[in-house]
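The values are calculated or read from the model by the stated rules, or taken from the named source; none is laboratory data. Keep in mind that this is a model prediction, so the values were computed, not measured. So basically every Cβ, Gly included, is an ideal-geometry build from the backbone, and we count neighbours across all protein chains shown.
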Amino acid sequence: MRALIALFAFASLAFAETPPAKSAPARGKVVVAAGRTEPVTEEIEIAPEMDGRLRVLVQEGDKIRSGQLVAQLENSDFAARIAVAKAAIAEREAAVARARVGSRPMEKREAAAQVREAEAVLENARIERDRRAGMLSLGAVTKTELDAADREFNVAKARVEAMKEHLALVENDVRPEDVRRAEVAVDLAKAQLVEAQAMLTKTLIHSPIAGVVLRRHKRTGESATAGTPILTVGDTSRMNVRVEVDETDVARVALGMKAWVTAPAYGERKFTGKVTRVGLILGRKKIRTDAPTERLDAKVLETLVELDEPAGMPVGLRVDAYVEGR
């Protein structure tokens, strides 16, 4: 009986001294992730629309305006095409004017005089041919000489016919089809001018934004290929941090949340900001932290944090980002 009582007392004492089981600690609110700095406009690559020899007009670090000419391709041939097209327009517009008013009196008198001159030449050729034909029977000329006179007669006759056709043409009234043909020629010349101007414009490369030249990929004198970047620009007056939030934390991040980042280069200094964009699709990690335990196959959600004060942080700086998650 005493042994039973002692056992019961020992069990009661042991139960009273056993601490209650602890529940899992609550997860912290701060979401920690790796990030990289970038301009507020992101990094914009500028590339030509066509091939050509390049002339770069800016250097790395230069501040640029929106629409500023930053590079150009050799374009002397396109400038020449523009000059030729303008001259063609002027010439063809003059032809339209002539077609609308018809021939001037002076032109008509000139055409009539050309007909009379040709007829006189024809008459002389006929007389010479007939003279040689009569002399052939007397043996005074050869058959070859007669044939030459006959050819000259035929040539003079053909010229008379051509001059008469020309006279009939200039004496006719204005024909609508002639005016329309001349107008179409003007339209064609104008289209060629527009084409040459468009090609010239493509040789002039402008910046789409105001910002800073971050990188120059090509130098003056090098050949550029259409679509291949020659400059990278960005607006660094404000800076974003592209944060890769682990898929396990995506539900705890939302727009407008406060955030801050740190970087070894700046010691303990914190750069504050807020979440301005939350991605819509998970993707693979692009930022490496070099941590031994880092999972390279983890899925992440890209989130943008706009910094309040960039304080001259360079583009592409790797940082540690902290978001006050929910």
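Observations
- Any hit, region 242-254, residues being among the hydrophobic types (A, V, I, L, M, F, W, C) and modelled with pLDDT under 90: no
- Residue match in region 151-158 (condition: surrounded by 13 or more Cβ atoms within 10 Å (Cβ to Cβ), of a type in the set (A, V, I, L, M) and in contact with a strand residue (DSSP E or B) (Cβ under 6 Å, 6 or more places away or on another chain)): no
- Residues being free of Cβ contacts under 8 Å to residues at least 12 places away in the same chain, within 30 Å of R181 (Cβ to Cβ) and of a type in the set (A, V, I, L, M, F, W, C) are represented in region 107-122 by at least one member.
- The residues of region 247-283 that are β-branched (V, I, T) and closer than 11 Å to E306 by Cα, listed by number, are V261, T272, V275, T276.
Residues are listed down the side, and each one gets a yes or a no for (1) loosely packed, with under 15 Cβ neighbours inside 10 Å; (2) under 21 Å from E42 (Cα atoms); (3) of a type in the set (G, A, S):
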| position | (1), (2), (3) |
| --- | --- |
| R252 | no, no, no |
| A259 | no, yes, yes |
| G279 | no, yes, yes |
| R284 | yes, yes, no |
| E302 | no, yes, no |
| P314 | yes, yes, no |
| A321 | no, yes, yes |
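- Filter result for S223 (small (G, A, S), touching a residue at least 24 places away in the same chain (Cβ under 8 Å) and either surrounded by 15 or more Cβ atoms within 10 Å (Cβ to Cβ) or under 20 Å from D62 (Cα atoms) (or both)): no
- On the stretch given as region 227-260, residues that are assigned to a strand (DSSP E or B), under 32 Å from the mean Cα position of the chain (by Cα) and of a type in the set (G, A, S) total 1.
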